[in-house]
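Presented below is the structure to which this report refers.
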4 protein chains.
Amino acid sequence: MSSHRNPAAAASPRLRRRLYLHLDPAAWPGQGLSPANRLVAVAIVLSVAAAIIETEPTIGAEADHIFRLVETGFGGLFLLEYVARVWTSAEDPHYGPGLGGRLRYMLSPLALLDLLALLPLVLPMVGTSAFLLRMARMLRILRLARLGRFSSAMTALGTAVHSRRYELFASVCAALMILLISSTLLYVVEGPVQPEYFGSIPRAMWWSTETLTTVGYGDIVPVTPLGRALSALTAIAGIGLIAMPTGILAAAFSDVMAKRRAESGED
Amino acid sequence: MSSHRNPAAAASPRLRRRLYLHLDPAAWPGQGLSPANRLVAVAIVLSVAAAIIETEPTIGAEADHIFRLVETGFGGLFLLEYVARVWTSAEDPHYGPGLGGRLRYMLSPLALLDLLALLPLVLPMVGTSAFLLRMARMLRILRLARLGRFSSAMTALGTAVHSRRYELFASVCAALMILLISSTLLYVVEGPVQPEYFGSIPRAMWWSTETLTTVGYGDIVPVTPLGRALSALTAIAGIGLIAMPTGILAAAFSDVMAKRRAESGED
Amino acid sequence: MSSHRNPAAAASPRLRRRLYLHLDPAAWPGQGLSPANRLVAVAIVLSVAAAIIETEPTIGAEADHIFRLVETGFGGLFLLEYVARVWTSAEDPHYGPGLGGRLRYMLSPLALLDLLALLPLVLPMVGTSAFLLRMARMLRILRLARLGRFSSAMTALGTAVHSRRYELFASVCAALMILLISSTLLYVVEGPVQPEYFGSIPRAMWWSTETLTTVGYGDIVPVTPLGRALSALTAIAGIGLIAMPTGILAAAFSDVMAKRRAESGED
Amino acid sequence: MSSHRNPAAAASPRLRRRLYLHLDPAAWPGQGLSPANRLVAVAIVLSVAAAIIETEPTIGAEADHIFRLVETGFGGLFLLEYVARVWTSAEDPHYGPGLGGRLRYMLSPLALLDLLALLPLVLPMVGTSAFLLRMARMLRILRLARLGRFSSAMTALGTAVHSRRYELFASVCAALMILLISSTLLYVVEGPVQPEYFGSIPRAMWWSTETLTTVGYGDIVPVTPLGRALSALTAIAGIGLIAMPTGILAAAFSDVMAKRRAESGED
């Protein structure tokens, strides 16, 4: 039994247990996020913000050394967090104790994402090629995805979308078909008049996407009467394409809420 | 007992009671708004309209003295209304009688908003600096927010939105993540070709917001094939972003209505 | 009793009865529309189409006499229809028999609309001023509204919208408030840079409406970083404004369908 | 009895039975699509992709013989598939055995669609006129519609849309009325200022469609204050037009899901 071990080893699990409760959002007994996770969440947001602002040439060049300092600081914090998470993963009954459990945790998607988020710290040490630096920058911005683990609302959103994945996929397929039909028709009608924009179906697809999603930049506009009539039909079909996923998701959210109320016995 | 007080004091509460019924929309026994509140609502709308039209240089300069007269008139009416509301607040069981109750009322959010709406009357007396005058103008337009208290439908709308604040917040977070990913990708792909518009992630974010919200001004348009393909994906993701809050709100309104019917015992 | 009257009078009501069944969509015993009402519906659509095409200068001038002939023909048909409807209105228990019933029918909104649709026939006889001719043209296009009486789905749509008029009105109010706040902020931020487009709140409102409704023509675009940030917030608020009425209507339609099923005992 | 026939004839129906189970998505006992149908689906997607890319002049000309080879290959596969489907249709109890059943199958909409998709193979043999080649190209892209048979989600989508066809039709009618009213008003207000774009109602309809669907290319923009005010109202009406079909479809999907759950006895 572990209670027969030496005091140091007995103290360590107790500290580990406490740290685990602070690091795992699901295990935290209090309301909302633990102070440790709040710090991590704020650090993620600031680290991503720094990575974004750094790309602006009018700012980035002057304050380069500040950005490096900030990045090294946040990187160190995330490294510390990663080590702590691996160590305390033994407390999670899902992965089990011992080195095997630690390895199972390290290979879980969330832990791999955390490891990926640490790469920007190591990449510049490997080399200073433009490609590696760019990779490091991308990875720093992808750190934002780590926030997902802290949000229960995000999880609920994901569940609702997941439950209707077939219907949503079908509406994407319907959208693609309409996109193709519209592109083909405009290619036939407007192609001879505006060969640069409608001279092939792939070219017409750019205009078609703009119109179906009702973005409408206006860089390409049909000029023939028939082209405009088809364009109007495409725009109306676009409204249907917005209506379809919206309707599917509205029904999905309505469902999720009804289930939740039924479970909690409210209403 | 108050019935033992002198006749003047006894008459005053009776007048106060009547005035209270006219001023508090919830206490009014009749249908809709009381005549007094209707007058106030119309005055708010006219006062805001005057403040808006006044900014138009081609109109404002000529009719300056008329606008000042109108503003002083409405300001006086709102001052009178404020004094009356503070005085009659003693009738509201929520705040209680006496000076303590009056103070509690004066510190309530609605009363503070009313007081803020009176500031434009006083600010020009403090000084005539451009900043103070601009502040006064802003505050006059914000008077519109006072209309909220008169509308029960507005309250219902607010309740529905409030009940899904976590889901709506999550969908805003999802939107921000997609915004960042889209900006980063376009920065990488279109940055070298159009450095002025895509030369940094913050710059690319302007285009990205335009596209995700399907506004599509068309002042900035990707020109490379890969940029256009990513742009199409961004626009499609934008439809998902419109679909999500719409779906959440549709479910929320459906819910609110079902509850209302259950309460009123209809159908 | 009417059976004691002379044979001619007895035959007339029998014809009137048959005509009434053909003219009143609600009284028609068959499925869909009666042949007479189908003819009227097609005539309305063709008459409106003619009035629209007639405005095109490249077509209208050449074929002027054809358009006049077509218009006179349709006008005659509608006059005949109107007389028949007034005559057969005696069969409608809603209006009652006799001259009083006929007058009550003639003053009903639908009959007044029919009468208004006949005006284009008479107006050119009164005078040939440009104003009268333009009025006649407008009235011919408004004939389309007469189609509403033939569509039960249109009525269901109207019922759903009507049942949520307070919520929809509240969302319009919320939209107006956001419109005003957005216009005011852009007027302050962009006004000094683009005085022609943002130099006053009414001017800024044009841009603001474009952005809130996500139309985004792109004729006016904010250029300052703060202006763009506020513009992004406006566009995001615009999505909320689309989501709100959509959510309200989705819940309303869901309701109407649930009631219909409950009434018909299905499911 | 068939068991009394010669061994060759007995073997043929057994092979036919096996092939039928592989070709009919509804008859396949396994999960998802059978390997044969997966191959067909992939072939359809690739064949359509080839037809699209072929239209691009910068690619098409160089690789013309490759595209011809690919098309002949896919055409042969689809021909084989068609023959197999006709042969195995005798196993489908819906069409019955014998030549009569085969003919009934060949005249079913799905089989006619399959036959139409084979035309591009034969058309170039009939002649090489530009019209025939263009027809062949269109038909190749329409092959995509054949994918519909493999997707149960697509069928569910179609059912939901079909169940609300009257409401959706009514909302399209409402959209058309608003489109006409908006075009007429803008024709009157903006016509004298911008005769090229608003000089007739059909011309104004192009702008009107752009605005009502919130596409907003920006190639045509009203310039008079009244025109802009009407334009703002049109854009707001456009939001209502998006909200209506979305609400109808949301209610329809909500319904379909509720029925499905009720049937499967879940929840």
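Every number in this text was worked out from the coordinates using simple rules, so none of it is lab data. Here the structure is a predicted model, which means the values were calculated and not measured. Using ideal geometry, Cβ is built from the backbone for each residue, glycine included, and neighbour counts are taken over all protein chains shown.
Quick one: longest stretch of chain B between exposed loop GluC sites (Glu not before Pro), exposed meaning at most 16 other C-beta atoms within 10 Å and loop per DSSP? List each step's numbers first, then the result.
Working: sites that count: B:Glu62, B:Glu266.
The longest uninterrupted stretch comes out as B:63-265.
Which residue, D:Leu77, C:Val223, A:Ala204, has the largest displacement toward the positive end of the dipole of the protein assembly as shown when charges sit on each Cβ (Lys, Arg +1; Asp, Glu -1)?
D:Leu77
If Lys and Arg each add +1 and Asp and Glu each add -1, what is the summed charge of the other residues whose beta carbon sits under 15 Å from the beta carbon of B:Pro120?
+2
Just to confirm the number: angle between the C-alpha axis of helix B:130-142 and the first principal axis of chain B, 0 to 90 degrees, nearest 10?
80
Through the Karplus equation 6.51 cos²θ - 1.76 cosθ + 1.60, θ set to phi - 60°, convert the phi angles of segment A:43-56 into ³J(HN,Hα) values in whole Hz; use x for Gly and Pro.
4, 4, 4, 5, 4, 5, 4, 4, 5, 6, 5, 4, 6, 5
When chain D is modelled as a GNM with alpha-carbon springs shorter than 10 Å, which of D:Tyr82, D:Tyr105, D:Tyr217 fluctuates the most?
D:Tyr217
Just going by the charge dipole of chain A, with Lys and Arg at +1 and Asp and Glu at -1 on Cβ, which of A:Ile236, A:Gln31, A:Val193 is farthest out on the positive end?
Among A:Ile236, A:Gln31, A:Val193, the one farthest towards the positive end of the dipole of chain A is A:Gln31.
Placing the label point 7 Å from Cα along the Cα-to-Cβ direction, what are the distances from A:Gly32 to the equivalent spots in the other copies, shortest first, in nm to one decimal?
4.5, 4.5, 6.3
Helix-derived [θ] at 222 nm for the protein assembly as shown: sum -39500 (n - 2.57) over DSSP H runs of at least 4, divide by residue count, nearest 500? Spell out each step's value before the answer.
Working: 48 runs with 800 residues, N = 1068.
That comes out to -25000 deg cm²/dmol.
Kirkwood-based Rg over Rh for segment C:138-245 (C-alpha set), two decimals?
1.15
Between the helical axis of B:152-163 and the dominant principal axis of chain B, each derived from Cα atoms, what acute angle in degrees is found, rounded to the nearest 10?
50
Could you work out the local net charge near A:Pro222, counting Lys and Arg as +1, Asp and Glu as -1, over the other residues with Cβ closer than 12 Å to its Cβ?
Combined, the nearby Lys, Arg, Asp and Glu give -3.
Other chains' Cβ within 10 Å of D:34-45 residues: what's the mean?
Partner Cβ neighbours, averaged per residue: 0.
How large, in Å, is segment C:74-169 by the Kirkwood hydrodynamic radius built from its alpha-carbon pairs?
15.5
Please give the average number of partner chain Cβ atoms lying within 10 Å of the Cβ of each residue in D:203-210, rounded to a whole number.
Mean shielding by partner chains, rounded to a whole number: 5.
Shape verdict for chain B, please, from the Cα gyration tensor: rounded (a/c under 1.5), prolate (a/b greater than b/c) or oblate.
In terms of gyration-tensor shape, oblate.
Using Cα centres only, tell me the gap between segment C:20-44 and segment C:192-244 in whole Å.
Value for the Cα centre distance between the two parts: 49 Å.
Can you check what the Kirkwood hydrodynamic radius comes to for segment B:29-76, Cα pairs only, in Å to one decimal? Display every interim value, and only then the final one.
Numbers: mean 1/r = 0.0836 Å⁻¹.
Taking the inverse mean of 1/r over all distinct Cα pairs, segment B:29-76 comes out at 12.0 Å.
How shielded is A:161-173 by partner chains, expressed as the average number of their Cβ atoms within 10 Å of its Cβ atoms? Provide the component values of the computation, followed by the final result.
Details: counts 5, 0, 1, 4, 1, 6, 8, 3, 4, 9, 6, 3, 7.
Per-residue shielding by partner chains comes out at 4.
Taking the Cα centre as origin and putting +1 on Lys and Arg beta-carbons and -1 on Asp and Glu beta-carbons, what dipole magnitude results for segment D:82-175, to the nearest 20 debye?
240
In square nanometres, what is the average projected area of the Cα convex hull of the protein assembly as shown?
68.9
Compute the separation of the alpha-carbon centres of segment C:90-132 and segment B:134-185 and state it in Å as a whole number.
Their Cα centres are 48 Å away from one another.
What are the nm distances, shortest first, from B:Thr224 to its equivalents in the other copies, labels at 7 Å along Cα→Cβ?
Ordered by increasing distance: 3.3, 3.3, 4.7 nm.
How far is helix C:201-212 tilted off the main Cα axis of chain C, in degrees rounded to 10, range 0 to 90?
Taking Cα atoms only, the helix is inclined about 70 degrees.
Taking a label point 7 Å out from Cα toward Cβ, give me the nm distances from B:His162 to the same spot in the other copies, shortest first, one decimal.
3.2, 3.2, 4.6
Would you tally the net charge around D:Phe74, using a Cβ to Cβ cut-off of less than 13 Å, leaving D:Phe74 out, and scoring K and R as +1, D and E as -1?
Charge balance in the 13 Å sphere: +1.
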